[in-house]
Amino acid sequence: MNKTHGLMFAGVGGQGALLIAELTSLAAVQEGYDVKQTEVHGVSQRGGSVETHVRFSRFAKVRSPIVTPGEADVVIGLEKLEALRFAHFVQPETGVILVNDYEIIPGSVTDAEKLYPHETIEFLRSKNLRVMALPASQIAKTLGDGRMANVVLLGALSTLLPFQPATWQKTLSFRLPSKYLEANQRAFEAGRKAI
Amino acid sequence: MPEFLLGNEAIARGAWEAGVKFVSGYPGTPSTEIIETLVKRFPETNPRWAANEKVAFEEGMGVAIGGLRVLVTMKHVGLNVAADAFMVFPYAGTNGGFVVVSADDPGMHSSQNEQDNRYLARMGKTPILEPSDAQECRDFTMAALELSEQFSSPFMLRTTTRLAHHKGLVEVGERNEASQKEFTADPKRFSVPIYRRALRPKVECRIEALTAYSETCPFNRVEHAENPIGVITSGVAYQYVKEVMPAAGVLRLGMTFPLPPNLLRDFCAHYQTVYIVEEGEPFIEEYVLSLGVTNVVGKALFGVMDEYSPARLRQALNLADAPKPFSVGVNLMQRPPMMCVGCGHRTVFAALRQLKVIVAGDIGCYTLGALPPYEAEHTTFCMGASIGTAVGLERAGHKRVVAVIGDSTFIHSGIPPLIDAVYNGDRLTLIILDNSATGMTGGQPNPAAGKNVLGEATHKLNLEAVCRAMGVEKVDAVDTWRRKEIVRALNAALAYEGVAVVIARGPCQQLPEIKHQNRIPFTVDNELCTRCEACFKVWCPAIKKTEDGFPFIVAAECVSCTVCAQVCQPDAIRLLEVAA
């Protein structure tokens, strides 16, 4: 197929959206795709919104590294508010919004708790979008470290992408520090099964 | 197997492959990763962080006329700082290849302005190469170094945020050691105005030669098509054009100064309408119009502000095949970035807010002090501007003005204005936030950190001694987490008739050696807590509220900065270990 695939990873600075975007890109490279990825660095690291775009294509060259609103195969939300903020990137008929059922209330906004869109998942479903929600942070916590929620979500994402399981394993092995590899492999498998 | 590299990593790779032997720069988004990559992967290129961009440029200039290949890196506004040297270097010309990377930031993702540095290059008679993807980031860096030697001219490699911060596949090679070029100490070439007049015509001759080269330069590539529409484009915008208008004829300009008049005229003659798609200002467009070409449309359609994108081009061209996104239809709350948990700037901005002073700020993480909850930074312009601005506000008759500057920014360009304030008998209260790092760009070391780019120990600049040597008599250094001390020192400085400096000291919480310290978090003893809410007013993101109104400290986030414990009257906030 001549299609350029698009993925949008959205989260809060420090959640590791960039890492799982990179793992996905590297898996795509292993599979022989042309790949581009882009994100914006800088002050976004200080607890602000973070967005990372990944595009890959089998036969044609990937041109723009930026995903266009309305064309993403999957929007991956590491947090509910950020999933909602970037939901419009999803292809409305065929795309999937994969969301961690988890809230991070913005620290520097007044009345943040009240203004927070707690009903995000229900709201997106009511718009006839395909939403896959999983408690990735909870799953990661039971595995021993809530910070691995990103890799749990990556495991879930892997079921939606056309890459071989062996490719994912290989990518995790060479990219992650050996000290954390085993725990992350468990998180990845837990995410695969959670869908 | 190609490598999957960031544009900035590809530039670093290209510099290494081309045999660069000296690299200098000052951290600035989106250019920082070039030197960081060289430090990590290619230290034989001798990378370093300089005190500021002007120093970086001049060091590079010296190495290049001395015969070696050089890369100098900075963000767009950094070139303003280096402009003095940048404007004059082409008169002498270079011996070894010299490339300055100007990383522009359309969209102002992390900058104080949008600035198209192609104009600076034109003013400075310096040729520009502009890559369009990660592969070209490597290739053009290498080509620019070659061409620099061929034409004895410094070159600019112009990137933008999207280019610098996107990853793509890059075919790489090995390092080729370039031979050292000859240097003769020659006043006629490198010295005084009387000799410069003789060099002036040479600069024009070189631009003529470069213009001729530009006509056949392989980076200026024509992709003709049977179509009434042609597009002239450069940089990452080329990718958007290929995506959105795959059937149009394209002239991709990889060399954007000097521009090729004949190539441009011929291309435009080939098409009914020619779009000019360039991010930033109408640099190419103005030149094409100056050739008398009339069938072009550029900024009137695509605009000068912000980043371009495929969506923006489709909208401007009113293309029917645009994806149709669903609309959330509600305004979402923002998630602005904020100072880190336990950041030493927090106590200072709490004090500034409490004292109701006018704050002239500077460039660094502390610009976040302008946002809620502190809202205590009232001006931010450019590197080092806090001091001059504060002096000026005082001279304009405003009372209780405080200048706030970080250690790295102070070293970068805060020293001359402080000398000036003492010399001219001004009244000034200056806070130096000394966290021993260039924090906002990722905690790079600076001369106040006592270590160099490789992490090796070096002389640690003594900021108190520097201030005293300039003639500042009142210098007060305070632990930045002691809130009462900060307020006391600030009040004393504000009452002082003259120049007073308060150094608020404490390391950046993002430095690896600080971040990975094992620290005992604080916790709340609900038996002792009176729910007075004083701890909520230190605005620490790690302090949450339980349903029955008690404060709760998230142990995994707490960095034991002690500030909440300092405000707790009943002493209910204690170290977790002590409380257990």
Members of region B:316-355 that are touching a helix residue (DSSP H, G or I) at 6+ places or on another chain (Cβ under 9 Å), within 13 Å of chain A (Cβ to nearest Cβ) and over 30 Å from B:Lys515 (Cβ atoms): B:Leu319, B:Asp321, B:Ala322, B:Pro323, B:Pro325, B:Phe326, B:Ser327, B:Val328, B:Val330, B:Leu332
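When you go through B:Val244, B:Val231, B:Val222 one by one, which is the residue that is within 28 Å of B:Asp105 (Cα to Cα), surrounded by fewer than 17 Cβ atoms within 10 Å (Cβ to Cβ), of a type in the set (A, V, I, L, M) and at pLDDT 95 or above? Spell out how you get there, then give the answer.
Working: B:Val244 fails: surrounded by fewer than 17 Cβ atoms within 10 Å (Cβ to Cβ); B:Val231 fails: surrounded by fewer than 17 Cβ atoms within 10 Å (Cβ to Cβ).
Of B:Val244, B:Val231, B:Val222, the one residue that is within 28 Å of B:Asp105 (Cα to Cα), surrounded by fewer than 17 Cβ atoms within 10 Å (Cβ to Cβ), of a type in the set (A, V, I, L, M) and at pLDDT 95 or above is B:Val222.
Within region B:305-321, take every residue that is of a type in the set (A, V, I, L, M) and within 25 Å of B:Asn113 (Cβ to Cβ) and give me the one that is nearest to the chain's Cα centre (by Cα). So that I can check it myself, show each step before the final result.
Going residue by residue through region B:305-321, those that are of a type in the set (A, V, I, L, M) are B:305, B:311, B:313, B:316-317, B:319-320.
From what is left, the residues that are within 25 Å of B:Asn113 (Cβ to Cβ) are B:305, B:311, B:313, B:316.
Working: B:Met305: 19, B:Ala311: 27, B:Leu313: 27, B:Ala316: 30 Å.
Taking the candidates together, the pick is B:Met305.
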Close pairs (7 angstrom Cβ cut-off, 6 or more residues apart or separate chains): within 20 Å of B:Ala492 (Cβ to Cβ) in region B:386-405, among the basic types (Lys, Arg) anywhere: B:Glu394/B:Arg427
Flag if B:Val288 is modelled with pLDDT under 95 and among the β-branched types (Val, Ile, Thr): no
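For (1) more than 16 Å from A:Gly191 (Cα to Cα); (2) touching a Lys or Arg at 6+ places or on another chain (Cβ under 9 Å); (3) not in a loop (DSSP other than H, G, I, E, B), each residue gets a yes or a no:
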{"position": "A:Thr110", "(1), (2), (3)": "yes, no, no"}
{"position": "A:Gly144", "(1), (2), (3)": "no, yes, no"}
{"position": "A:Met148", "(1), (2), (3)": "no, yes, yes"}
{"position": "A:Leu153", "(1), (2), (3)": "no, no, yes"}
{"position": "A:Ser173", "(1), (2), (3)": "yes, no, yes"}
When residues of region B:438-463 are limited to those that are in contact with a helix residue (DSSP H, G or I) (Cβ under 7 Å, 6 or more places away or on another chain) and either of a type outside the set (A, V, I, L, M) or within 14 Å of chain A (Cβ to nearest Cβ) (or both), the one farthest from B:Thr29 (Cα to Cα): B:Pro447
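Per-residue answers, yes or no, for (1) in contact with a Pro (Cβ under 6 Å, 6 or more places away or on another chain); (2) among the polar types (S, T, N, Q):
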{"site": "B:Ala225", "(1), (2)": "no, no"}
{"site": "B:Leu251", "(1), (2)": "no, no"}
{"site": "B:Gly280", "(1), (2)": "yes, no"}
{"site": "B:Glu286", "(1), (2)": "no, no"}
{"site": "B:Ser290", "(1), (2)": "no, yes"}
Residue under evaluation B:Ala565, criteria (1) over 33 Å from the mean Cα position of the chain (by Cα); (2) within 14 Å of chain A (Cβ to nearest Cβ), criterion not met: (2)
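Enumerate the strands (runs of 3 or more DSSP E) found wholly within region A:1-105, keeping only those where 1 or more residues are closer than 21 Å to B:Lys324 by Cα and either in contact with an Asp or Glu (Cβ under 7 Å, 6 or more places away or on another chain) or more than 10 Å from chain B (Cβ to nearest Cβ) (or both).
On the way: elements: A:4-12, A:34-39, A:49-57, A:74-77, A:96-100.
Answer list for region A:1-105: A:4-12, A:49-57, A:74-77, A:96-100.
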Condition met for A:Ser108 (surrounded by 22 or more Cβ atoms within 10 Å (Cβ to Cβ) and closer than 27 Å to A:Met148 by Cβ): no
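Do we have any residue at all in region B:371-383 that's at positive phi, of a type in the set (Gly, Ala, Ser) and without any contact (Cβ under 8 Å) to a residue 40 or more places away in the chain?
Of all residues in region B:371-383, those at positive phi come to B:375.
Now narrow it down to the ones that are of a type in the set (Gly, Ala, Ser): none.
Among the residues of region B:371-383, not one is at positive phi, of a type in the set (Gly, Ala, Ser) and without any contact (Cβ under 8 Å) to a residue 40 or more places away in the chain, which makes the answer no.
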From B:Ala500, B:Ala495, residue being closer than 22 Å to B:Val402 by Cβ and over 33 Å from the mean Cα position of the chain (by Cα): B:Ala495
Some residue of region B:46-55 being among the polar types (S, T, N, Q), more than 29 Å from A:Glu22 (Cα to Cα) and touching a His at 6+ places or on another chain (Cβ under 9 Å): yes
Residue in region B:381-396 that is within 14 Å of chain A (Cβ to nearest Cβ) and either buried (at least 16 other Cβ atoms within 10 Å of the Cβ) or over 30 Å from A:Glu71 (Cα atoms) (or both) present: no
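The values are calculated or read from the model by the stated rules, or taken from the named source; none is laboratory data. What you see is a predicted model, and the numbers here were worked out from it, not measured in a lab. Note: ideal-geometry Cβ built from the backbone for every residue, glycine included; neighbour counts use all protein chains shown.
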